[in-house]
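Asker: What follows is a single structure, and I will ask about it in a moment.
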Amino acid sequence: MASTTIDMTASTGLDASTGAKPSIDLKPYEDALRNGDMTIARDELSKILADVSKEWGPTDPVDRHNIDLLRRRNDLFEYTIFLRDNYVQHFKGHLDFGSDKSLQLAKLMIDSAWHEHEKGNSAENGPSVQLAEEICEKNPDHRQTADVLFNVHYTRAAAANETNDIKGCLHHTEGMIKVCSDVGNAAQSHHEFPEIYPALAHNERGIALVMNAQYDDGVKMFEASIGLYNGLPDYWAGMDTNPRTNLGFTLWVTGKPIKAEVCLTSLLKDRVAKFGSDDRESYRTGRVYHGLGNVYYGAIDEVSESWHKKALAQYRDTIGSDHHKTADLCHRVAQHHLRRREFNIARTLIDQALEVYAKRKLYRPELARTTFLKIKLEAEDGNEEAAAKLLQDATEMREKVLKDRGLPVAPNPDGKPLVEEDFDDLVTFFTR
């Protein structure tokens with residue numbers, strides 16, 4: 001029997017820091033800048049870049065979602081922004097770093113942008129990605145340029161799929177595939193280009209295709225990504241978590257729940273073997289729980305609720321209560337409490353989700369969707385006036401989303417009342 005209570009406030013999240021605060025000496029740079037010694041100031045900024053990069057450390061693509069890594073870097077993040085802003089304001093275009101140092105800066109900018117993305121702040125990382133791209137354009141033949149350019153597209157593609165930007169996701173995943181192809185076709189390639197990148201590219205391309213309702217092609221891309229992971233010399237079972245999770249969600253959303261369950265259950269077994277039961281390595285096990293909850297929803301609701309609650313707890317412990325992914329699970333768990341007419345708990349969860357979504361216009365589709373769920377809550381709780389007002393709000397938000405996407409904005413082309421599925425269709429498949 002699924003529990004009817006849930007801890008509404010427990011959250012660790014990504015804002016926690018681990019380890020001692022870094023000691024980065026900014027004074028020599030600031031003194032040179034204040035004295036107008038710009039060449040010296042540039043050299044001092046270069047030293048800061050070296051110090052921050054050393055403290056930041058390399059990023060293994062497999063560890064990009066690792067919570068301990070992200071928390072360890074929290075106190076360094078402000079220095080990456082300091083470097084970016086000072087370089088752009090005082091040196092870019094006239095006192096540039098040399099090519100090696102420029103690429104070091106570009107790699108740090110990409111890591112910094114990804115750090116923001118993991119915290120749910122994809123909209124804020126644009127300037128860092130832009131600087132990395134500009135450095136690539138100025139250094140097209142550097143051995144690290146292909147790596148950085150791939151990650152420019154990767155970071156933008158990931159942000160696009162998290163914010164329902166279908167066109168952006170299609171464009172940048174195509175860019176990821178192209179960079180991989182260009183590197184693969186280069187005779188005696190001198191590029192420093194990790195073998196895992198084609199696997200990452202095919203996974204992201206699969207997401208873009210499913211978002212664009214090209215389901216069969218998306219499935220093929222996920223399967224290709226899984227195959228590429230399996231071919232890596234250092235492969236371990238579960239390394240391919242992302243494409244297998246996305247494949248599971250796609251099978252579910254296309255009406256193949258049994259295949260989805262097999263896919264996700266097998267993946268969970270691999271993750272337990274690697275990280276232990278109920279791991280907090282990253283939010284990714286929470287995604288598997290989320291998918292399994294969806295598979296059982298409407299079929300075995302108590303099992304579905306148990307998985308959704310596990311996902312919510314896992315998200316709160318890893319990415320925190322203020323993340324949009326956590327809000328997605330507040331929506332899901334609220335549906336279970338609403339089913340049992342536990343209106344107070346459902347209301348708390350719905351309001352938590354709405355608060356998160358309302359912070360950014362990018363999440364208008366999610367805001368509309370959860371607002372529509374609140375209509376159901378108010379109507380069943382006897383608050384007809386509140387339900388009517390919310391229906392107007394949700395309808396207007398839905399029409400705005402459809403208009404922005406160039407789609408028909410009629411409330412419902414069939415003339416039928418709007419239902420939850422009309423709002424589910426607004427959001428990325430793995431958000432549902």
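Each reported figure results from applying straightforward, stated rules to the coordinates on display, with no laboratory input. Because the structure is a prediction, the values reported are computed rather than measured. Here the Cβ is made from the backbone with ideal geometry for all residues, glycine too, and neighbour counts use every protein chain on show.
Asker: What are the ³J(HN,Hα) couplings of the range 224-238, residue after residue, when phi is run through the Karplus curve with 6.51, -1.76, 1.60 and θ = phi - 60°? Round to Hz, x for glycine and proline.
Answerer: 5, 4, 4, x, 5, 4, 4, x, 6, x, 9, 4, 9, 4, x
Asker: Run through every distinct alpha carbon pair of the range 202-265 and return the Kirkwood hydrodynamic radius in angstroms, one decimal place.
Answerer: Kirkwood radius, the range 202-265: 11.6 Å.
Asker: Taking the Cα centre of the chain as the origin and placing charges on Cβ (Lys, Arg +1; Asp, Glu -1), which of Leu349, Ile319, Pro28 is farthest toward the positive end of the dipole?
Answerer: Leu349
Asker: Give a residue-ordered list of calculated ³J(HN,Hα) values for the range 150-165 (Karplus: 6.51 cos²θ - 1.76 cosθ + 1.60, θ = phi - 60°; whole Hz; x for Gly, Pro).
Answerer: With coefficients 6.51, -1.76 and 1.60, one gets 4, 6, 4, 5, 4, 4, 6, 5, 5, 5, 5, 6, 7, 10, 6, 8 Hz.
Asker: Same structure again: How big is Rg to Rh over the range 90-232, alpha-carbon atoms, Rh as the Kirkwood inverse-mean-distance radius?
Answerer: Ratio of gyration radius to Kirkwood radius for the range 90-232: 0.99.
Asker: Additional query: Based on the Cα coordinates of the range 11-142, what is the per residue volume of their convex hull in Å³?
Answerer: 110 Å³
Asker: Short version: ³J(HN,Hα) in whole Hz for each residue of the range 196-210, in order, from phi by Karplus 6.51 cos²θ - 1.76 cosθ + 1.60 (θ = phi - 60°), x for Gly and Pro, what are they?
Answerer: Taking θ as phi minus 60°, the curve returns 6, 4, x, 5, 5, 5, 5, 5, 5, 5, x, 4, 4, 5, 5 Hz for the range 196-210.
Asker: Taking amide H atoms as placed 1.01 Å from N in the peptide plane, list the residues 5 or more away in sequence, or in a different chain, whose amide H sits under 5 Å from that of Gly320.
Answerer: Close amide H contacts, sequence-distant or interchain: Thr12, Gly13, Leu14.
Asker: Something else about it: Under 12 Å from the 7 Å Cα→Cβ point of Asp15, by amide nitrogen: which residues of the range 304-334?
Answerer: Flagged as within label range: 320-323.
Asker: Compute the longest continuous run of the chain that contains no exposed chymotrypsin sites (Phe, Trp or Tyr not before Pro); treat a site as exposed when its DSSP state is not H, G, I, E or B and it has at most 15 other Cβ atoms within 10 Å.
Answerer: Between exposed loop sites, the widest span is 1-234.
Asker: Still on this structure, please answer the following. Report, in debye and to the nearest 20, how large the dipole of the range 11-142 comes out about its Cα centre when Lys and Arg carry +1 and Asp and Glu carry -1 on their Cβ.
Answerer: It works out to roughly 140 debye.
Asker: Of all alpha-carbon pairs in the range 320-404, indicate the percentage at a distance above 23 angstrom.
Answerer: Cα-Cα pairs in the range 320-404 separated by more than 23 Å: 18 percent.
Asker: For the chain, state the semi-axes of the equivalent ellipsoid (square roots of 5 times the eigenvalues of the alpha-carbon gyration tensor), sorted largest first and rounded to whole angstrom. Spell out each step's value before the answer.
Answerer: Values: eigenvalues 314, 122, 94 Å².
They are 40, 25, 22 Å, listed largest first.
Asker: Over 22 Å between Cα atoms, which of Lys359/Lys400; Lys119/Lys259; Lys309/Lys389; Lys21/Lys54 qualify?
Answerer: Details: Lys359/Lys400 17 Å; Lys119/Lys259 31 Å; Lys309/Lys389 30 Å; Lys21/Lys54 14 Å.
The answer is Lys119/Lys259; Lys309/Lys389.
Asker: Next up: Distance in nm between label sites at Glu396 and Leu232, each 7 Å beyond Cα in the beta-carbon direction?
Answerer: About 4.8 nm, to one decimal.
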